[in-house]
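The values are calculated or read from the model by the stated rules, or taken from the named source; none is laboratory data. Keep in mind that what you see is a predicted model, and the values were worked out from it rather than measured. With ideal geometry, Cβ positions are generated from the backbone for all residues, glycine too; neighbour counts draw on all protein chains shown.
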Amino acid sequence: MSTAPTAELKQKDQNGKIDLTKNSSLCHKCTCCRDIDTSTGFKVKDNFQRFSQKNDIYNRVDWDKSIRSEKTLNFFRNYNTAFARFRDVDGFRHKDYAIRNAAWHITDYTCELKEETEDRREGFLDTYTLHRPGSKNKLRIESSKEISQEIKKIARFLGADLVGVCKFDKRWIYNYKYSRTSHMEKPIDLPTDLENVIVIAVGMDYETIKTTPSALSDAATGQGYTKDLSVILSLAQYIRNLGYQAVASLNDTALSIPLAIQAGLGEYGRLGLLITKEFGPRVRIGKVFTDLPLAHDKPIKFGVEKFCSTCRQCTNACPTKAITDGKPSDVIHNKSNLIGVQKWSVDAEKCFNFWVNTNAACAICIRVCPYNKDYSKFIYRIGRWLAGTFLRKLMLKFDILLGYGKRKLPNNWWNKNKN
C-alpha cells in the first residue's frame, strides 16, 4: 500500500492550513477537543489513530485476502440487476431485488460516473464534484447565527429531516482514501481551509425496515442515500452560489457518526450507529464541508447511553453476535475498527459475513432497537421519554411484551394497500 503524502498536501501544510496527512499531530488533548468530547461523551485515548479508508470492511473485499472471495464479490454484483441472484423466497424474489436496485440506482450511478476516467467513486470513496461554478462574489455575512438558521431552513426545504452544524474535527477525517482502480491508498483531497461541517440526516422507510433481512428492506437504505445525495449536492451548490466553498460528502472522506453527534443530531448507541430522537437509528447521514461562517450546534443527550447500557435487544437479535453485550471498550475486533476510542464496537467481519450469506444487507439491529419507532404517534414519544428516565427497564419490558421489533413478512408489504 502506498502511504506517502503528496507534495501538494505537504505544501498546504507549509502554508499554515490544517494538515490532513499527519496521524501523529492529533489535537485530542487540546481544549477544543476536550470540550467537545466532554459534551458528546467521546473517550479518545492516547493511542488514537485516524482511520484509513482501505480498512473499511467493504473496501477490504477489494484487497484483503481474508475477506475477498467470489462470494463476497457476488454480493456487490447483485446491485446490478443483470447479475442479481433471485430466489423463490419471500423478500428475495425478482421484484424485491428490482426495487432494491432501483432505490440504489441514482447513488450507484453517480458513484460510477468518474470511476474509469478520474479514479473517483464519488459518495463512497471520494467527495462529489458534480457542481456548477458558484458566484465569484461572496455574500456578506452579518451574523453566523442567522446564516446557520437560514442554512438549516434551506436544508430542510431541500429534503433533510435533520440538520446540524459542527466544527471541522480532523480526527474523524480519514488519513487516506482508497482507490479500487489502483488498489492503493490516496491522499485526502479535501480543501484544508473548510472550518465547518453541515451534517444532515434523512429517515429511512419504517415499514420496509421491518422486513429485514430481505432485499426489500435494503431498498430503504438505498432510498435514504438517494435522498441524502439530493440534499447535500443541492445544499453545497447553494453555498457555492453565495460565493463560499462547499464540498458534498456522503459515506466518503470522514466518519459521519461522530460528526453527526457533535452537530447535535443524536447519541451513539450500542449497535454502533447514531440514534436520533426523531427516528432512532433509522437514518442515513450526509455532510457538507464549508468555509461559510456558521454557528455550531451543541451535542444533545436524551438518555441513550444509559438505556443502551440496560438494553440488549440488538445484541440478542444479531444472528452472528457481532454486537457486544459488554461495556464500552477500546478493544478492537479486527482492522475495520477504529483504534483508540472507548465505545461499543461492532465486529464488522461477522456482520458483513451475514450480509454475504443472506445476499442482502442486514438491518436487524435497527429493526429491533426500541428507539426505532414512528414518533409522529404520541404513545411512542411517551416511550422515548421513559427510556431516558429511571423507568427505562419498565419501558424495555413493555417493548418486548408488545412484540415491537419483530420481523414483518415482505409479502405483506407488497400486498398492503394495493387498492
- Query: Only one of Ile147, Ile154, Ile141, Ile106 is of a type in the set (Val, Ile, Thr), touching a residue at least 60 places away in the same chain (Cβ under 8 Å) and in contact with a Gly (Cβ under 9 Å, 6 or more places away or on another chain); which?
  - Reply: Ile106
- Mind checking which residues of segment 31-86 are surrounded by 13 or more Cβ atoms within 10 Å (Cβ to Cβ) and aromatic (Phe, Trp, Tyr)? Phe42, Phe48, Phe51, Tyr58, Trp63, Phe75, Phe76, Tyr79, Phe86
- Task: Out of the residues in segment 171-191 that are buried (at least 20 other Cβ atoms within 10 Å of the Cβ) and out of contact with any Ser or Thr (no Cβ under 9 Å at 6 or more places or on another chain), state the one that is farthest from Pro299 (Cα to Cα).
- Result: Ser179
- In segment 233-266, anything in contact with a helix residue (DSSP H, G or I) (Cβ under 7 Å, 6 or more places away or on another chain), in a loop (DSSP other than H, G, I, E, B) and of a type outside the set (Gly, Ala, Ser) is listed as Leu250, Leu255
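Report yes if some residue within segment 217-227 is over 19 Å from Ile285 (Cα atoms) and either touching a strand residue (DSSP E or B) at 6+ places or on another chain (Cβ under 6 Å) or not in a helix (DSSP H, G or I) (or both); otherwise report no.
no
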- Message: Within segment 76-86, does at least one residue satisfy the condition of being part of a loop (DSSP other than H, G, I, E, B), without any contact (Cβ under 8 Å) to a residue 60 or more places away in the chain, more than 30 Å from Tyr176 (Cβ to Cβ) and of a type outside the set (Asp, Glu)?
- Response: yes
- Message: Can you find a residue that is touching a residue at least 12 places away in the same chain (Cβ under 8 Å) and within 16 Å of the chain's Cα centre (by Cα) anywhere in segment 179-196?
- Response: no
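Rundown of residues vs (1) of a type outside the set (Phe, Trp, Tyr); (2) touching a Phe, Trp or Tyr at 6+ places or on another chain (Cβ under 8 Å), yes/no style:
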site	(1), (2)
Thr324	yes, yes
His333	yes, no
Phe354	no, no
Phe390	no, no
- Within segment 32-75, track down each residue that is among the small types (Gly, Ala, Ser), part of a loop (DSSP other than H, G, I, E, B) and out of contact with any Phe, Trp or Tyr (no Cβ under 9 Å at 6 or more places or on another chain). Ser66, Ser69
- Which numbered condition Lys335 misses (of (1) under 28 Å from Phe42 (Cα atoms); (2) of a type in the set (D, E, K, R); (3) more than 26 Å from the chain's Cα centre (by Cα)): (3)
- Query: Can Tyr128 be described as within 24 Å of Trp414 (Cβ to Cβ), part of a loop (DSSP other than H, G, I, E, B) and touching a residue at least 12 places away in the same chain (Cβ under 8 Å)?
  - Reply: no
- Query: With Phe289, Phe307, Phe352 as the choices, which residue is crowded, with 21+ Cβ neighbours inside 10 Å, at pLDDT 95 or above and over 22 Å from Ile261 (Cβ atoms)?
  - Reply: Phe352
- Identify all residues within segment 369-381 that are without any contact (Cβ under 8 Å) to a residue 40 or more places away in the chain and surrounded by 11 or more Cβ atoms within 10 Å (Cβ to Cβ); write none if there are none. Tyr380, Arg381
- Item | So Thr358, is it touching a residue at least 24 places away in the same chain (Cβ under 8 Å), of a type in the set (Val, Ile, Thr) and either surrounded by 14 or more Cβ atoms within 10 Å (Cβ to Cβ) or under 26 Å from Ala215 (Cα atoms) (or both) | yes
- Phe168 crowded, with 18+ Cβ neighbours inside 10 Å, at pLDDT 95 or above and under 19 Å from the mean Cα position of the chain (by Cα): yes
- Query: Are any residues in segment 222-268 polar (S, T, N, Q), touching a Phe, Trp or Tyr at 6+ places or on another chain (Cβ under 9 Å) and farther than 30 Å from Tyr79 by Cα, and if so, which ones?
  - Reply: Gln245, Gln262
- Among Ile300, Ile339, Ile323, Ile366, which is the only one that is surrounded by 14 or more Cβ atoms within 10 Å (Cβ to Cβ), modelled with pLDDT of 95 or more and within 22 Å of Gly222 (Cβ to Cβ)? Ile366
- Item | Residues located in segment 258-268, provided they are within 20 Å of Arg384 (Cβ to Cβ) and either surrounded by fewer than 24 Cβ atoms within 10 Å (Cβ to Cβ) or in contact with a Lys or Arg (Cβ under 8 Å, 6 or more places away or on another chain) (or both) | Gly264, Gly266, Glu267, Tyr268
- Here are some residues: Gly164, Gly134. Which one is more than 30 Å from Ser52 (Cβ to Cβ) and not in a helix (DSSP H, G or I)? Gly134
- Please work out which one of (1) touching a residue at least 40 places away in the same chain (Cβ under 8 Å); (2) part of a loop (DSSP other than H, G, I, E, B); (3) in contact with a Lys or Arg (Cβ under 7 Å, 6 or more places away or on another chain); (4) not hydroxyl-bearing (Ser, Thr, Tyr) is the condition Ala322 fails and give its number. (1)
